[in-house]
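Working notes for the structure below.
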Amino acid sequence: MGTQSNVKQFKKKAERIKLTDKLIEGLKPRAKDYSVKDDAVSELSVRVRISGNRAFYVQKGQKKKKIADCALITVSEARRDAVKLLALGLDSKQVAKPVPSFYEAVERYKTSRAFAKGYISNVNQVLRVFRAIRDKPINEISRDFFKKRLLKAINNEEFTDATLDSVINVTSAVYSYQVADEAIVDNPLIGIRKVLPKLKINVRQQRLHTQQHFRAFQQWYWSTKEGGGISLQNTKDFYMVKDVCLFMLLTGLRVNEVLKLKWDDVWVNAEGELDLNGRRLPRTLTIRDTKNKTDHTLQCTALMNKLIHQQPTADYEYVFRAINRGKQVSDNAMYMRVHKGLSSLVIDGDKFNPHSFRRTFAHWCAQSAKHPSDVKIAMNHKDNSVTEAYIGELVQKTLKILQAYENLIEKFFYVDEDEYRVVGFGLLVEGAGTDFIPKEELELSQAEAAGSFENYYF
């Protein structure tokens, strides 16, 4: 309470106040940059930028010098450095900056401004790739180390090229932030790509687009089901990975959204509640804390219900998480299982990326939707024209959207027998339906389709 009253007093009277670490944390950005002067050391002030960044400055006469960002040092340290600079002169460079560890540098960069949630995930990836140097001071980490570590990651295919490209960009930004704050002199990541193999960044358009692609996914799914071709920790992980991937294909959800789905957010409707037409409401699932910062609720199709129901995790917190020694693994550990499992699914020469299921969903959902807005509803994309008053109606609409999408893509999963083609998700999920199409009807529909896969509904 004392801190808040001091801030309010400062705003009203614009007087000097005694700076404290807690008070500085409470200083919020305004329409213009502003400064708060210290009552203990009159030449010391905190500059608050429109961006929210806060930094200590010392001023004597017309000369002004930045000491450090407030996230890097305490008020006591700032006062000490200010007194030294005043004694030596503001042109002096003898006051040494505190050098953070690699982990501290990443964390300080992460909190230096209001980054988007997706970018924060990219920042966290840096700590995964360079976990061996978390506690090492950043000025002791050489360019040669980064070169060797990145070469090893590329040659051993530890991460996708897109991930490593992002890691290079973010790590360079972390070092540039420290250079700007004068904690270090050089950025060792500048020009690092010149000594690395060229990264292949072309997965953003990847999706299951042709009949051959779906056949490749089907074969991969069967190999996973049989436990062959992929070296994961145990057979149970095979089933979990394939179900996560199929669930992404059916819903268009992001991989982190599927992995964070909790049993508490799956509503079964045991009370048998009815909709306005007198039909029993279907099971729903709700994804919390999505990328656009809103909850996303979907009604479940029968196939989605089967995938959820067959998970062996009902006594645990999360639906799609492997179990190791009686506990569910972390989301990062489960993500690595999914990433490793998909490494054997190759589409047009590239390993399939988890997010490519979302692109597949968007493409084929658009083919089956009656209106373009259906895809936005199903994928929870932001749309300023949709108000909160219509959220309930949109949830009711998701079942029809997902069912129409399923009805379209299930035709892409099949096996041929002597006189019939067996078609449907029953080939992948036990208990799901299949259709038997006589070869004569199939040949007729193929002739009408004239080889166009996107208009080919068998």
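The values are calculated or read from the model by the stated rules, or taken from the named source; none is laboratory data. Being a predicted model, the structure only gives us computed values, none of them experimental. Counting neighbours? That spans all protein chains shown, and the Cβs are built from the backbone with ideal geometry, glycine included.
Hey, can you tell me all the residues within region 127-145 that are in contact with a strand residue (DSSP E or B) (Cβ under 9 Å, 6 or more places away or on another chain) and of a type outside the set (K, R)?
I133, D135, P137, I138
Specify which of the listed residues (M334, M379) is aliphatic (A, V, I, L, M) and either at pLDDT below 85 or surrounded by fewer than 21 Cβ atoms within 10 Å (Cβ to Cβ) (or both).
Being aliphatic (A, V, I, L, M) and either at pLDDT below 85 or surrounded by fewer than 21 Cβ atoms within 10 Å (Cβ to Cβ) (or both) holds for just one of M334, M379, which is M379.
Hey, could you check region 194-232 for residues that are exposed (fewer than 14 other Cβ atoms within 10 Å of the Cβ) and at pLDDT 80 or above and say which is nearest to M336 (Cα to Cα)?
Q219
Being at pLDDT below 80 and either out of contact with any strand residue (DSSP E or B) (no Cβ under 7 Å at 6 or more places or on another chain) or part of a helix (DSSP H, G or I) (or both) narrows it down to one of S76, S121, S92, so name that one.
S92
Do you know which residues across region 132-173 are closer than 25 Å to M336 by Cα, among the β-branched types (V, I, T) and in a helix (DSSP H, G or I)?
Matches in region 132-173: I133, I154, T163, V167, I168, V170, T171.
In region 295-330, what count of residues is obtained for those that are exposed (fewer than 14 other Cβ atoms within 10 Å of the Cβ) and under 15 Å from R254 (Cα atoms)?
Number satisfying all stated conditions: 1.
Report, by residue number, each residue of region 285-306 that is part of a loop (DSSP other than H, G, I, E, B) and of a type in the set (S, T, N, Q).
T290, N292, T294, T301
Condition first: among the charged types (D, E, K, R), modelled with pLDDT under 85 and in a helix (DSSP H, G or I). Now tell me which residues in region 400-458 satisfy that.
Listed by number, the residues that qualify are K400, K439, E440, E441, E443, E448, E454.
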